[in-house]
Amino acid sequence: MPRDVILSNNPAPEDDDPHLRPMRMAEMVGQRDVINRLEIAIDAAKKRNEVLGHVLFDGPPGLGKTTFATVIPAEMGVSVDFLSGPTLKAPKDLVPSLTNLRPKQVLFIDEIHRIPKSVEEYLYTAMEDFRIDMILGEGINARTHTFKLKPFTLIGATTRAGMLTGPLRDRFQIREHLDFYSLDDLTEIVRRNAAKLKIEIDDQSATEIATRSRSTPRVANNRLRWVRDYAQSRADGVITLAVAKEALKVAEIDVLGLDRQDRKYLDTLIRICLGGPTGIETIAATMNTASDTLSDEVEPFLLRCELILRTPRGRVATQKAYQHMELPQPDRDDGQEPLF
Ligand code: ADP
């Protein structure tokens, strides 16, 4: 389906580069099991001429939740309206989108764990019975009016599945967790997107960029765009392995995919805090940054790489972290073996 057939009152959020987002399921790389299950559900719904059941995606940022919310309506041949949880502060923010729905349309709510209780309760009847009850008028004139909605599919996306209430989670018929991408899949994404960006790249360079992209397509896209800029500005416009390595070095992205902020965290923990255990607030204050930023944006990847541990007494640098940062591991003076 051509791009402009997907009509929408609220278009997809401004992408870093909308041209890189797959528009059909067949263009997506990886997530084979998820795609397989969705294709079955979509096929069956189309054969029954029914609306697709509500779908919930959870997983870390940049793994394809919004992309699925773009391709599912395209496969169903319906339009999609994009909303974001934090902007839905009261039911009145949701009502226009619900009452304007066209039959079988998709409504996408990103960061759905951030909608307040009052909005969530509106969604219950909307999702279950395709109706909403609104109180019109005040005092003794107040009347409850029931509005019938067109059958629709709600697609919810969350990075924090645990923060969703049971009643809301249970109203999604299809629930899918998106996992990190294999190196092969990420390399394939880099290769395809280089072609979309009309830049020449060899296989080794595509693998090099993918290796340093934290198993995450959005990160791979950002790295690729930077390497392309570098190739066009400082080389002859072709991405070779040497160009890719030099570009990533200039951006201070190391072989594990750590960036400046990650390395500063490790340096603070190892050199200043002597490897820990150190509380997150202390690390944040020393780095002059917010502890939320560290726990949400920096630590998940360091934990995944087994560079730090979160212990009840605080954060601890692992042996791998010392090796990676090329810093000497201090001798413990309590006569015990190193804990980690
Ligand atoms: P999320 O909504 O989970 O934060 P997005 O769906 O916005 O992530 O994905 C970010 C970018 O990564 C997309 O614009 C797209 O270019 C790319 N991407 C994500 N998943 C895939 C995939 N399975 N195949 C190819 N590219 C993908």
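The values are calculated or read from the model by the stated rules, or taken from the named source; none is laboratory data. Since the structure is predicted, the reported quantities are computational estimates derived from the model, not experimental observations. Counting neighbours? That spans all protein chains shown, and the Cβs are built from the backbone with ideal geometry, glycine included. The area values use the complete protein model at the heavy-atom level, side chains included, leaving out ligands, DNA and RNA. Shrake-Rupley method; radii C 1.70, N 1.55, O 1.52, S 1.80 Å.
Some observations on this one:
- Filtered by the rule that a residue be in a helix (DSSP H, G or I), open to solvent by 10 Å² or more (accessible area, probe 1.4 Å) and more than 6 Å from the ligand (Cβ to nearest atom), segment 59-73 gives a lone residue, T70.
- Count of segment 283-306 residues which are more than 19 Å from P60 (Cα to Cα) and among the hydrophobic types (A, V, I, L, M, F, W, C): 5
- Across segment 274-302, the qualifying residues are those that are in contact (Cβ under 8 Å) with a residue 40 or more places away in the chain and surrounded by 16 or more Cβ atoms within 10 Å (Cβ to Cβ), and the one among them that is nearest to Q319 (Cα to Cα) is G275.
- Some residue of segment 189-206 being of a type outside the set (A, V, I, L, M), crowded, with 19+ Cβ neighbours inside 10 Å and in a loop (DSSP other than H, G, I, E, B): no
Residue-by-condition table, conditions (1) of a type in the set (G, A, S); (2) touching a helix residue (DSSP H, G or I) at 6+ places or on another chain (Cβ under 7 Å); (3) more than 25 Å from M325 (Cβ to Cβ); (4) free of Cβ contacts under 8 Å to residues at least 12 places away in the same chain:
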{"residue": "E200", "(1), (2), (3), (4)": "no, no, yes, no"}
{"residue": "A206", "(1), (2), (3), (4)": "yes, yes, yes, no"}
{"residue": "L224", "(1), (2), (3), (4)": "no, yes, yes, no"}
{"residue": "D236", "(1), (2), (3), (4)": "no, no, yes, yes"}
{"residue": "A244", "(1), (2), (3), (4)": "yes, yes, no, no"}
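- Yes/no for E27 being out of contact with any Cys (no Cβ under 9 Å at 6 or more places or on another chain), under 21 Å from T216 (Cβ atoms) and either open to solvent by 20 Å² or more (accessible area, probe 1.4 Å) or of a type in the set (A, V, I, L, M, F, W, C) (or both): yes
- Within the set S84, S97, the sole residue that is open to solvent by 20 Å² or more (accessible area, probe 1.4 Å) and either of a type in the set (G, A, S) or touching a Cys at 6+ places or on another chain (Cβ under 8 Å) (or both) turns out to be S84.
- S182 satisfies every condition listed in (1) surrounded by 14 or more Cβ atoms within 10 Å (Cβ to Cβ); (2) in contact (Cβ under 8 Å) with a residue 60 or more places away in the chain; (3) out of contact with any strand residue (DSSP E or B) (no Cβ under 6 Å at 6 or more places or on another chain) except (1).
- If the condition is being over 13 Å from L327 (Cα atoms) and not in a loop (DSSP other than H, G, I, E, B), then segment 265-288 contributes Y265, T278, I280, E281, T282, I283, A284, A285, T286, M287.
- Matching option when the condition is touching a Phe, Trp or Tyr at 6+ places or on another chain (Cβ under 6 Å) and touching a residue at least 60 places away in the same chain (Cβ under 8 Å), among L83, L63, L56: L56
- Filtered by the rule that a residue be away from the ligand (no atom under 11 Å from the Cβ), surrounded by 15 or more Cβ atoms within 10 Å (Cβ to Cβ) and assigned to a loop (DSSP other than H, G, I, E, B), segment 151-178 gives F152, L164, R171, F172.
- Residues located in segment 112-150, provided they are within 18 Å of G59 (Cα to Cα) and in a loop (DSSP other than H, G, I, E, B): I115
- When the test is whether a residue is in the same structural domain as G77 (by TED's automatic domain parsing), within 16 Å of the ligand (Cβ to nearest atom), under 16 Å from L98 (Cβ atoms) and of a type outside the set (F, W, Y), I135 does not pass it.
- One residue stands out in segment 208-237 among those that are away from the ligand (no atom under 14 Å from the Cβ) and under 27 Å from T159 (Cα atoms): the one that is least open to solvent (accessible area, probe 1.4 Å), namely R212.
Residues checked against (1) charged (D, E, K, R); (2) more than 16 Å from the ligand (Cβ to nearest atom); (3) at pLDDT 95 or above; (4) loosely packed, with under 13 Cβ neighbours inside 10 Å:
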{"position": "D17", "(1), (2), (3), (4)": "yes, no, no, no"}
{"position": "E39", "(1), (2), (3), (4)": "yes, no, yes, no"}
{"position": "K46", "(1), (2), (3), (4)": "yes, yes, yes, no"}
{"position": "V51", "(1), (2), (3), (4)": "no, yes, yes, no"}
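- Residue match in segment 307-317 (condition: in a loop (DSSP other than H, G, I, E, B) and open to solvent by 80 Å² or more (accessible area, probe 1.4 Å)): yes
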